[in-house]
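What follows is a single structure, written as structure tokens, with notes after it.
Bear in mind these aren't lab numbers, they're just calculated from the coordinates by the rules spelled out. Given the structure is predicted, the values throughout are model-derived calculations rather than measurements. Neighbour counts run over all protein chains shown; Cβ positions are idealised from the backbone, glycine included.
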Amino acid sequence: MKFAPTFLRSKVAYRIFILFILCALLPITALAILSYSQVTKQLNEQSRSRLRQATKATGLAIYERLLSLEGELKLVASNAILSSRPGSHAISERFGENLTKRFKGLALITDTGKQAAYFGRIENPPALTAQEKDHLRSGQTFVTSQLSSGQPARIFMIRDLDPRNPKRGFLLGEIDTNYLWDIEEESALPPMTELCVLDQSSNVLYCSPEVAASVPEQVALAIRQSSVGQFELEHDGEQYLASYWSIFLQPRFLTPKWTVVLSESKLDVLAPVAYFSKVFPLIIIMSILVVLLLSMIQIRRSLIPLEKLHEGTKRIAKRDFGSQVTIKSGDEFEELGASFNIMATRLGKQFKALTTIAEIGRAILSALDTEKIVNTLLSRMPDLFPCDLISVTLIHSQAPNVGQMYIRDRNPNKGFHEEGTLLHSEEVEKLRHHSEGFFITDGDIPHYLTPLTKGGIKSFLILPIFIRERLSAIISLGYLTPPELIEDDLLQARQLADQMAVALSNAHLIEELNQLNWGTLTALARTIDAKSPWTAGHSERVTKLAVKIGEVLGLSPKELDVLRRGGLLHDTGKIGTPPDILDKPDKLTDEEVRLMHEHVRIGARILEPVSACADVIPIVLQHHECFDGSGYPHGLSGEAINLGARIFAVADYFDALTSDRPYRPGMDQKDVIESIKKEAGRQFDPKVVQAFLKIMVQEDQEGES
């Protein structure tokens, strides 16, 4: 078969070619990585587990040999006590060569220090401490070691000959370490492993010559952390995997512990992995070559249909939904081309509908005002569903049978008009049973649609809207002649109705939330004011006056909203002021004045965790600051004081002086106004005072009229 290099000129062909490659390359690569990691992991785990078990088995074997040697000493001691022929000859007759293979020498050390050898000769026997002698007299065996530079460690086992008669001396045996460490020709150690044994001070009792220089210093750090574990060590540039296990000898042999270390070269452990790493890439390369050949063959067969489909897809991407593709391959590609053409036609219609729905949805969902939502729907919905009339009926929240109908006819210039309507109970039930929507064609027109029939409309598409299982609105599309709507049209109409339901629900929630918010703030203000009978209604009156001042100063609606909330919360800190100070009829002491001044700080701390109150905290904290800097709590002055706090300084002062207090009756309003005038520029902001005076003048004029 002849392959021309130009077959990859198409991007689609190139993409399929890459896809074929990746479909093989990625799974094979993933499999290779997974296999490699799993094999390596399993080998490592098996090696570590095997080495860990071997280390434990070796340690137990050493301990069993110590127990066996202890048993031998017990038998020797028993024989020496009971035998009528004490001496080395009797020992040799009874125990034979078995004892001489396990001990290099065995001797009886008398109480005076004299040595009587059974066999062999023990040079420089270890001296015993008082603790060690007490251990021996209790009938126990003592194991100790002697270390000398450049010489193998010597291991001794000592036992009292007769614990009931310490004067008879004790048996001292120098253990043959070849037997103890099992390093003879028929050793039970696992192949290719190296053995090291260290005492409690990490001194080497025995170590294979291959790793003798490396183990002690690397093991010492590891065994300080745990008595059992594994680590890696390096010797002569070669990596070893090592496992250690501690033999606790203290209870029986008075020696604290020995640590058994077995190590194995990582090259031996990972030899199968190295072979696997050489073979597996060849398998991957062969697989890729096979896939490459198959992909070339398949691309040549599919290139022409795919190119046509690709061009058709590009036209659809440019929103040219009227384009058609012609494929006559006699296979599935031809069927795919026909399906593609049908899809393009339906996509054009669907795209237009979805675009319109999205625009309407964004418009109504972004509006939080019910009237704007209704107006948007009445204006845009005919673009999606051509009709002769459209209406939205909003159901009264307190009267489920009363609705307000907003109607728009075919003439967009007329806008919409409103009419009231009533719903019968059975009509509400029918809407509930057909909540997805239904048609009315030349039948009994429901009573609530009567205002829509004046222009000869007799066919309707009804879309009820339920919010929390309550009928909240009805969308009605009116037609002079029955429409031909397909199922997709009904689904889109229902989708739009559902978006309106969400928008109305959001609008209702915002309204309820605002009502709840202001109700909560008002209740909190009344609670604070109710702490003293002298301050009842104070926060609400001050807030009302402060908002009037803000309006005169030309504050924005957002700034006025902050004033309202700040006014209701400005005395929150008086929760922490003792009632006997608030209601005290006499002059306050200096300490009481200090406590009274603290209410602004307390109020700010109370509101600080509430992020929504961040913009009112300056009002709460600073409304007792003076324009000339003589106020509290921080002695701020001029423009450094929050504008809202400056407004409330005047409003709060006015209401406090015109109201009765336990220590004085309320002052005349005119006197208070004169006092505020005098304090302009000192205690109060002159601009705020001017705005306040305008309000007072207006109220006087309104009172006179």
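Under the simplified labelling scheme, the Ser35-Arg252 pair shows an inter-label distance of 5.0 nm, with each label point 7 Å from Cα along Cα→Cβ. Amide H to amide H, with H built 1.01 Å from N, Ile247 comes under 5 Å of Trp258, Thr259, Val260, counting only residues 5 or more places away or on other chains. Between Gln669 and Ser323, the simple spin-label model (points 7 angstrom out along Cα→Cβ) gives 7.9 nm. Quick one: which of Lys133/Lys257; Lys670/Lys694; Lys56/Lys104; Lys548/Lys670; Lys372/Lys430 span more than 22 angstrom between C-alpha atoms? Too far apart for the 22 Å limit: Lys56/Lys104; Lys372/Lys430.
Stretching Ser379 away from Gln701 to a fully extended chain increases their span by 111.2 nm, per 0.36 nm per residue minus the current alpha-carbon distance. With K and R counted +1 and D and E -1, the other residues having a Cβ less than 10 Å from that of Leu205 yield a net charge of 0.
Residues whose amide H falls under 5 Å from that of Gly229, counting only those 5 or more places apart or on a different chain, are Tyr244, with hydrogens built in the peptide plane.
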